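Presented below is the structure to which this report refers.
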Amino acid sequence: MAKVAFLGLGVMGAPMAGHLQAKGHEVTVYNRTFAKAEKWVQTHGGSAAKTPREAATGADFVMACVGNDDDLRQVCTGEDGAFAGMVAGSVFVDHTTVSAAVTKELYAKADSLQISFVDAPVSGGQAGAENGVLSVMCGADEGAYQRVEPVIAAYARICRRIGESGAGQMTKMCNQIAIAGLVQGLSEALHFAEKAGLDGASVVEVISQGAAGSWQMSNRYETMIADEFDHGFAVDWMRKDLGICLDTADDIEASLPVTALVDQFYKDVQKLGGGRWDTSSLIKRLRAMG
Ligand code: NAP
C-alpha cells in the first residue's frame, strides 16, 4: 500500500479520496476550506494537512481534483505548493479538467524536479466518483502510468493511457464535445414531446431502446421532465470545459460549430441563474423561450 496525498475534497475529490483510504492506502487530505478536510477525516480516517506542501511531504503519489487552470497552479507551485514537498521519483496525478497548456507547463516544472506528472481527467460524474466507477483518461510517460494505474483503480471502472503528457486532457475535450450536442438534442426532443402533448416518459421508454439511446437519456430524462436540476455536473464547469475545447480547436484548426453554439446556449442558462444547475438544464432555456 502507498502513501497518498489528495488535494481538493469537492463533489468529486471527497469520494475519490475515500476509496483510496478504504483500499488501505495511507491517505493525507488537503482542502482549501479546512473544515471539509477535518470532516473527511472524521468519516474516513487518515489525516488532514493545512497546505498542499504539508500533505505532499513524504507521499509516493499526490492526486488533485480542484477547479480550473489557476486553481491547479496554486496547489502545485509556490512555497506552499505540493511540488515543494514532493521528492524525486514521486508521482503527481491531476484529475482536474484543465487546459493542455497548463498541463504542459506543470509537466515541465515537475520534470525539472524529477517528479512525474500524469494528466488524468475523469468522466462519470458525482455518482461515478461515489460508486468508484469513473472513466479515467491519462496522458503520461509509460513508466509513471504503470505505477499509478493500480492506485487509480480504487475509483475507476476503466483507466487508460491514451498517449504522452496532455493526451488525457485532449481526450476529456473529446468527451465534452460529444456530450454538448447530445444534451441539446435530448432537450429539443423532450421539449418537442411536451409541445406535441406526448407523455415524455413513454416516449423515452421506447426511443431509449433504439438508435437514439444514450447515458444522458437514460439517466437524466426523469429530472428533465420534472424540471429538476439541483444535482450533477454544473453549467459553470461545462462552460469552463467548452471554453478549453474551443480555444484548443482554434489552435489545432478543428471545426466545432455545434459545440460553439451549445456553449452560447449554456451562457443563456447562466443568465437564467443556472450556473450551478446540472448541464441537462438546456431544456429550461427552451421552456423559457416558450
Ligand atoms: P467542486 O465540488 O467545486 O470542488 C472543487 C474543489 O477544489 C474544492 O475542494 C475546492 O476547495 C478546491 N479548490 C478550488 N479552487 C482552489 C484553489 N485555488 N486552491 C485550493 N483548492 C481549490 O468541484 P467538482 O465538481 O469536484 O469538480 C472538480 C474538477 O473535476 C473540475 O475541474 C471539474 O470540471 C471536474 N469534473 C467534475 C465532474 C462533476 O460531475 N462534478 C465530473 C468530471 C470532472 P473549497 O472546498 O475550499 O472550495
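Comparing 185, 163, 145 along the charge dipole axis of segment 139-208, the residue lying farthest to the positive side is 145, per the Cβ-charge model.
The amide H of residue 29, built 1.01 Å from its N in the peptide plane, has 6, 47, 48, 49 as neighbours under 5 Å, considering only residues 5 or more places off or on other chains.
Taken one residue at a time, the phi angles of segment 108-125 give Karplus couplings (6.51, -1.76, 1.60, θ = phi - 60°) of 5, 4, 5, 4, 5, 9, 6, 9, 7, 10, 10, 8, 9, x, 10, 9, x, x Hz. Gly and Pro are set to x.
Spin-label model, residue 131/residue 11: points 7 Å from Cα along the beta carbon direction are separated by 1.7 nm. Residues whose amide H comes within less than 5 Å of that of residue 234, counting only those at least five positions distant or on another chain, are absent (H built at 1.01 Å from N in the peptide plane). One chain, two ends: residue 104 and residue 188. Fully extended at 0.36 nm per residue, the span grows by 26.4 nm beyond their Cα-Cα distance.
Output the pairs from 104/240; 240/284; 172/240; 240/271; 3/172; 104/172 with a Cα-Cα distance over 22 Å in this structure; if there are none, say none.
Going by Cα-Cα distance, 3/172 fall outside the 22 Å limit.
Counting only Cβ charges, +1 for Lys and Arg and -1 for Asp and Glu, the dipole size of segment 67-122 around its Cα centre is about 160 debye. Translational diffusion of the chain was estimated from the Stokes-Einstein equation, with Rh taken as the Kirkwood radius over Cα pairs; at 25 °C and 0.890 mPa s the coefficient is 124 µm²/s. Look at the Cα gyration tensor of segment 204-246: its axes a ≥ b ≥ c give a/c of at least 1.5 with a/b at or below b/c, and that counts as oblate. In the distance distribution for segment 93-211, Cα-Cα pairs more than 16 Å apart total 67 percent.
Applying 1/(1 + (r/R0)^6) with r as the Cβ-Cβ distance of residue 231 and residue 160 and R0 = 25 angstrom yields a FRET efficiency of 0.35.
Along segment 213-220 the Karplus relation, 6.51 cos²θ - 1.76 cosθ + 1.60 evaluated at θ = phi - 60°, assigns HN-Hα couplings of x, 7, 4, 4, 5, 5, 9, 10 Hz to successive residues, with x for each Gly and Pro. Annotation: amide H of residue 92 within the under-5 Å range of 62, 116, 117, 118, sequence separation 5 or more or interchain, hydrogens built in the peptide plane. Between residue 88 and residue 268, the modelled labels are 5.7 nm apart [label points 7 Å from Cα along Cα→Cβ].
Computed from backbone phi, the HN-Hα couplings of segment 189-194 come to 5, 5, 5, 4, 4, 4 Hz, rounded to whole numbers (Karplus: 6.51 cos²θ - 1.76 cosθ + 1.60, θ = phi - 60°; Gly and Pro given as x).
Label-to-label distance for residue 249 and residue 178 is 1.7 nm, based on points extended 7 Å past Cα in the beta-carbon direction.
Here the gap between residue 199 and residue 80, fully extended at 0.36 nm per residue and compared with their Cα-Cα distance, gives a gain of 37.2 nm. In the chain, the portion of solvent-accessible area held by carbon and sulfur atoms comes to 51 percent [1.4 Å probe, whole percent, DNA, RNA and ligands not counted].
Dipole size of segment 1-138 about its Cα centre, with +1 on Lys/Arg Cβ and -1 on Asp/Glu Cβ: approximately 240 debye, rounded to the nearest 20. Taking R0 as 51 Å, what's the FRET efficiency between residue 3 and residue 211 from their Cβ-Cβ distance, rounded to 0.05? Here the calculated transfer efficiency is 0.55.
Computed about its Cα centre, the charge dipole of the chain is approximately 440 debye, with only Lys, Arg, Asp and Glu carrying charge at their Cβ.
The residue list 132, 56, 110 was ranked by how far each Cα lies along the charge dipole of segment 19-132 toward its positive end, using unit charges on Cβ atoms, and 132 comes out on top.
Legend: calculated FRET efficiency, residue 38 to residue 71, from the Cβ-Cβ distance at R0 = 25 Å, rounded to 0.05, equals 0.75.
The values are calculated or read from the model by the stated rules, or taken from the named source; none is laboratory data. Because the structure is a prediction, the values reported are computed rather than measured. All Cβ positions, glycine included, derive from the backbone under ideal geometry; neighbour counts span all protein chains shown. With ligands, DNA and RNA removed, areas are computed over all heavy atoms of the protein, side chains included. Shrake-Rupley method; radii C 1.70, N 1.55, O 1.52, S 1.80 Å.
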